[in-house]
Amino acid sequence: MKKINLLFVCLGNICRSPMAEFVMRDLIVKAHLSDKIATASCGTSGWHDGEYMHQGTQRLLREHDIKPQPFVSSRLPENALSLFDYIAVMDDNNLRDVEHLLGHNPQRIFKLTDFTENFDFVPDPWYSGNFEECFEIIENCCQNWLKQLKNTLKSM
């Protein structure tokens with residue numbers, strides 16, 4: 001069976017998208033689905049290509065016993081839809097930027113917060129400094145999305 005490949009996207013790929021990548025990866029490992037679902041992340045800007053994730057993201061992941069590696073920031077590839085089954089973005093600006101490059105495809109490109117009723121977007125802690133809020137939103141969304149992915153896997 002082919003793996004389901006998930007891509008998380010934010011602006012710079014050092015705060016939100018790597019946090020989502022590793023939170024979801026941790027949930028996948030705990031659900032014993034690593035052989036069925038893979039995660040990755042990138043940014044729309046390329047501003048931080050080749051860098052490691054923000055210290056605030058590292059800290060929160062470690063506080064939750066999530067190993068934040070291996071990781072290197074990268075930019076959204078133009079062939080992302082051929083590499084990934086689903087692309088989850090963090091906010092409306094990310095969605096607009098991704099759709100500008102890859103086209104409108106709501107079945108495969110959507111906001112991560114589509115998996116919660118409580119939030120419309122994941123706020124960028126680069127500006128707010130609130131990595132805890134970011135983590136809580138991401139964790140909730142990833143837990144809900146993984147439930148849906150489990151159902152998808154059952155029907156495959």
Checklist entry - What number of residues within segment 121-145 are part of a helix (DSSP H, G or I) and surrounded by fewer than 20 Cβ atoms within 10 Å (Cβ to Cβ)? => result 10
Next on the checklist: Which residue is nearest to PRO123 (Cα to Cα), if the candidates are limited to segment 67-112 and must be surrounded by 19 or more Cβ atoms within 10 Å (Cβ to Cβ) and among the β-branched types (Val, Ile, Thr)?
Outcome noted: VAL89
Next on the checklist: Being in contact with a Leu (Cβ under 7 Å, 6 or more places away or on another chain) and under 19 Å from CYS15 (Cβ atoms) is the requirement here; does LEU76 meet it?
Outcome noted: yes
Checklist entry - What number of residues within segment 146-156 are exposed (fewer than 11 other Cβ atoms within 10 Å of the Cβ), in a helix (DSSP H, G or I) and in contact (Cβ under 8 Å) with a residue 12 or more places away in the chain? => result 1
Checklist outcome for this item: All-but-one check, LYS67 against (1) within 20 Å of VAL29 (Cα to Cα); (2) basic (Lys, Arg); (3) without any contact (Cβ under 8 Å) to a residue 24 or more places away in the chain, failing number (3)
Item to check | Single residue of ASN151, ASN105 found to be at pLDDT below 95, under 28 Å from ASP35 (Cβ atoms) and more than 14 Å from the chain's Cα centre (by Cα) | outcome: ASN151
Checklist entry - Would it be correct to say that ASP92 is over 21 Å from ASP26 (Cα atoms) and in contact (Cβ under 8 Å) with a residue 12 or more places away in the chain? => result yes
Checklist entry - Which condition number in (1) of a type in the set (A, V, I, L, M, F, W, C); (2) crowded, with 21+ Cβ neighbours inside 10 Å; (3) closer than 14 Å to TRP145 by Cα is the one that LEU61 fails? => result (3)
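Residues checked against (1) over 18 Å from GLU132 (Cβ atoms); (2) of a type in the set (Gly, Ala, Ser); (3) touching a Gly at 6+ places or on another chain (Cβ under 8 Å):
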{"residue": "ASP35", "(1), (2), (3)": "yes, no, no"}
{"residue": "CYS42", "(1), (2), (3)": "yes, no, no"}
{"residue": "MET53", "(1), (2), (3)": "no, no, no"}
{"residue": "GLN69", "(1), (2), (3)": "yes, no, no"}
{"residue": "ARG75", "(1), (2), (3)": "yes, no, yes"}
Checklist outcome for this item: Selection over segment 1-21 where residues are of a type outside the set (A, V, I, L, M), surrounded by 24 or more Cβ atoms within 10 Å (Cβ to Cβ) and assigned to a loop (DSSP other than H, G, I, E, B) yields a count of 2
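The values are calculated or read from the model by the stated rules, or taken from the named source; none is laboratory data. Keep in mind that what you see is a predicted model, and the values were worked out from it rather than measured. Note that we place each Cβ from the backbone using ideal geometry, even for glycine, and neighbour counts take in every protein chain shown.
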